[in-house]
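Here the structure comes first, spelled out in structure tokens, and everything after it is commentary.
The values are calculated or read from the model by the stated rules, or taken from the named source; none is laboratory data. Only a predicted model underlies this, so the values are computations on that prediction, with no experimental measurement involved. Here the Cβ positions follow ideal geometry from the backbone for every residue, glycine too, while neighbour counts run over all protein chains shown. For accessibility, only protein heavy atoms count, side chains too; no ligands or nucleic acids. Shrake-Rupley method; radii C 1.70, N 1.55, O 1.52, S 1.80 Å.
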Amino acid sequence: MTAAALTRRPGLKHIRTRRNGLYLTCLAFVGLVVVVALIAPWLAPADPNATDLGAALTDPSPGHPLGADIAGRDTLSRLLLGSRTSLLGPLGIVAFSTVLGVVVGVTAGWRGGWIDTALSRSSELLLAFPGLLLAILFVALYGEGLLAPVVALSLAYLPFVSRLARSLTLSERQRPYLAAYRVQGFSGLSICVRHLIPNIAPVVLAQSTVNFGYALLDMAALSFLGLGVPPLTPDWGSMINAGQTALLQGKPLSAVLPCVLIVVTVVAFNVVGEHWADRVARRER
Amino acid sequence: MIAGFLTRRLAGLAATLVAASFLVFGALYLAPGSPETFLLAGRAANPEALAAIRAQYHLDDPFLIQYVKWLGQMVTGDLGQSVQYRSPVLGLIEARLPGTLLLIAMSALLVVLFGVGLGWISAVRGGATDSAVLVGTTVALGTPSFVAAIVLLWLFSVKLGWFPTIGGGQGLADMIYHLTLPSVALSLYWIGVLTRVTRTSMLDELGREHVEVARSRGIPERTVIRRHVLRNALGPISTMSGLTISGLVISTVLVESAFGLGGLGEFLARSVSVKDFPVVQAISLLIVALFVVVNLVVDLLYPLIDPRVGYGARGAR
């Protein structure tokens, strides 16, 4: 089987390495972020929405180890709790786009013919819509909140998964073991669900891990525009938005720290996904 | 052959645009509530306003007729009426377009200049220069535009005070001054991308036999690099440059909002927050159209740059 290449946006694919050190560091960081997101309410020293106006625009102090934003909300607590929304959005996007993308891609690849043409053309059309624009359009229709951008970005990420799943299906169906099942009279559906999909799953999941990083970036961008999460929810993207005023007045921490976290998390997810893809590709060879 | 290719591509372009516009128009019916109350977004829901909206969007006609009429208006420049400003969308867009176009042009210039330049130096020099460029581009690639905007604002506007923190400026010189930091923020990521692409494709060409032959014939190294290496490497570089421009267009939304430039991108984000849907529709259509046209231009330019590739056989090399 020719190893189908993952679809990456130009750019981040260059940050890849076969060295294990970086991979393990990134894996550890991803694990850390996930654990922190899970237990954030018990870690946070203060209520993320409690306003302590006396602490607004002051330097870090024992009460607020990373300072407070313009409204006097504790930056550390908001960073910790913000990891929840910042990961939940991309998780929804990746789950949606993976499930739907596999269904579409496998159907197109397995059935071929006009179904394939129709599905492939529609995903090309989706590619003509920049993901961020689609998300903005959906927010304009359904208002702020997590659901509208998650659905929009799932649609935007769907072609990346479906094209991969389609090409994997095309090369996989040539293989003798699938022909053997067909000769034995198994239905197409049962062959696909029980044999084909489990076999292409590793590559698809690697692609989804890479997508997770991009989805996090897009969600953060939307929240930065004030179009993502609802106003009071702590989130890294909206923290940057809110922190900008403090930054302009010489207190950069509440804006710069979420920036750093976003960048490091995205790079970490990317490295982990690429490493998995490389490993799968090597095994196939 | 070229005529056939052109017709096919133009048909594809038209199909994409029609489908995209259908989506943008049909979105009105996906919104919760009836179209006219959604368009008014709770503002001035008196019978006259409702009737005006119904007339403007032809809401009493069957759906497909509505769409065709709406599309006809869009194409002829009647982009509708802004709900927030109560004035034609076309005028509002025209007022904001120059700043955004200048920003995109400046960023594109930076991307091509530094992207190709750094990639060239990195491929030709190698060694420590190459490593430095690789580290630099890695940082650039990991930095999304809004993060770059925040960091640049902090460093150059707040700390050093070299550049203004907000606003788009008046007059060309002042505008360029105001747009310097934004264009750097916008282009940083794409400079990284283009540098890597240039470097890779030039290194690829450098290792080929025809370059060895040219050198052995005593052609000066500079000429070899320019006429034999760069010329052949231009294919991937131009493809990536096309992608760059589409990428720059959508990212203006973020950078303009960060720097408060009052351009088209910021207008789009603002209009979404205040639920000014006609404006959102018009700007979305504009962006998709630009996206598709840029892709077509790149496709058309490709065979000019690399004559080995015929029309319609892109990537078959």
Looking at (1) outside any loop (DSSP other than H, G, I, E, B); (2) within 14 Å of chain A (Cβ to nearest Cβ); (3) surrounded by fewer than 15 Cβ atoms within 10 Å (Cβ to Cβ); (4) at pLDDT below 75, which is the only condition residue B:48 fails?
(2)
Count of residues meeting criterion [open to solvent by 80 Å² or more (accessible area, probe 1.4 Å) and assigned to a loop (DSSP other than H, G, I, E, B)] in the range B:68-80:
1
Matching residues in the range B:260-284 - criterion: being more than 10 Å from chain A (Cβ to nearest Cβ), assigned to a helix (DSSP H, G or I) and farther than 19 Å from residue A:142 by Cβ
B:264, B:267, B:282
Residue pairs, Cβ under 6 Å, 6 or more apart or interchain, first in the range A:141-166 and over 20 Å from residue A:107 (Cβ atoms), second of a type in the set (Ser, Thr, Tyr). List them.
A:148/A:142
Qualifying position, being open to solvent by 10 Å² or more (accessible area, probe 1.4 Å) and at pLDDT below 90, among A:91, A:133, A:127
A:127
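For (1) among the β-branched types (Val, Ile, Thr); (2) away from chain A (no Cβ under 12 Å); (3) more than 30 Å from residue B:204 (Cβ to Cβ), each residue gets a yes or a no:
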position: B:126; (1), (2), (3): no, yes, no
position: B:129; (1), (2), (3): yes, yes, no
position: B:142; (1), (2), (3): no, no, no
position: B:153; (1), (2), (3): no, no, yes
Looking at the range A:202-211, can you tell me whether even one residue there is within 13 Å of chain B (Cβ to nearest Cβ), touching a Phe, Trp or Tyr at 6+ places or on another chain (Cβ under 6 Å) and of a type in the set (A, V, I, L, M)?
no
Quick check, is residue A:167 more than 11 Å from chain B (Cβ to nearest Cβ), of a type outside the set (D, E, K, R) and surrounded by 23 or more Cβ atoms within 10 Å (Cβ to Cβ)?
no
Evaluate the following for residue B:138: is it within 12 Å of chain A (Cβ to nearest Cβ), among the polar types (S, T, N, Q) and open to solvent by 50 Å² or more (accessible area, probe 1.4 Å)?
yes
Considering the range B:240-272 alone, what residues qualify as being crowded, with 21+ Cβ neighbours inside 10 Å, hydroxyl-bearing (Ser, Thr, Tyr) and within 14 Å of the chain's Cα centre (by Cα)?
B:241, B:244, B:251, B:252
Those residues of the range B:59-117 which are over 25 Å from the mean Cα position of the chain (by Cα) and either within 16 Å of residue B:271 (Cβ to Cβ) or among the charged types (D, E, K, R) (or both) amount to B:60, B:61, B:69, B:81, B:83, B:84, B:85, B:86, B:87
Determine whether residue A:71 is outside any helix (DSSP H, G or I), farther than 17 Å from residue A:218 by Cβ and out of contact with any Lys or Arg (no Cβ under 9 Å at 6 or more places or on another chain).
yes
Is it the case, given these coordinates, that residue B:233 is assigned to a helix (DSSP H, G or I), of a type in the set (A, V, I, L, M, F, W, C) and in contact with an Asp or Glu (Cβ under 8 Å, 6 or more places away or on another chain)?
yes
Subset of the range A:251-275 [in contact (Cβ under 8 Å) with a residue 40 or more places away in the chain and open to solvent by 30 Å² or more (accessible area, probe 1.4 Å)]:
A:251, A:253, A:257, A:261, A:264, A:267
Criterion first (within 26 Å of residue B:12 (Cα to Cα), of a type in the set (Gly, Ala, Ser) and within 14 Å of chain A (Cβ to nearest Cβ)) does residue B:242 satisfy it?
yes
Out of (1) buried (at least 24 other Cβ atoms within 10 Å of the Cβ); (2) part of a loop (DSSP other than H, G, I, E, B), the one residue B:190 does not meet is (2)
Go through the range A:94-124 and give me each residue that's open to solvent by 70 Å² or more (accessible area, probe 1.4 Å) and touching a helix residue (DSSP H, G or I) at 6+ places or on another chain (Cβ under 6 Å).
A:96, A:100
For the range A:68-88, enumerate the residues that are out of contact with any Pro (no Cβ under 7 Å at 6 or more places or on another chain), among the small types (Gly, Ala, Ser) and in contact (Cβ under 8 Å) with a residue 60 or more places away in the chain.
A:68, A:71, A:83, A:86
Against the definition (in a helix (DSSP H, G or I), loosely packed, with under 15 Cβ neighbours inside 10 Å and on the phi < 0 side of the Ramachandran plot), how does residue B:102 come out, yes or no?
no
Residues in the range A:137-148 that are in contact with a Ser or Thr (Cβ under 9 Å, 6 or more places away or on another chain), over 21 Å from residue B:21 (Cβ atoms) and part of a helix (DSSP H, G or I) total 0
Residue B:227 is checked against (1) within 12 Å of chain A (Cβ to nearest Cβ); (2) at negative phi and fails just one. What number does that condition carry?
(1)
Which numbered condition trips up residue A:7, out of (1) modelled with pLDDT under 70; (2) polar (S, T, N, Q); (3) open to solvent by 60 Å² or more (accessible area, probe 1.4 Å)?
(3)
Residue that is within 12 Å of chain A (Cβ to nearest Cβ), over 23 Å from residue B:251 (Cβ atoms) and not aromatic (Phe, Trp, Tyr), where the choices are B:165, B:200, B:195
B:200
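With B:124, B:83 as the choices, which residue is buried (at least 19 other Cβ atoms within 10 Å of the Cβ) and either over 24 Å from residue B:256 (Cα atoms) or among the hydrophobic types (A, V, I, L, M, F, W, C) (or both)?
Among B:124, B:83, only B:83 is buried (at least 19 other Cβ atoms within 10 Å of the Cβ) and either over 24 Å from residue B:256 (Cα atoms) or among the hydrophobic types (A, V, I, L, M, F, W, C) (or both).
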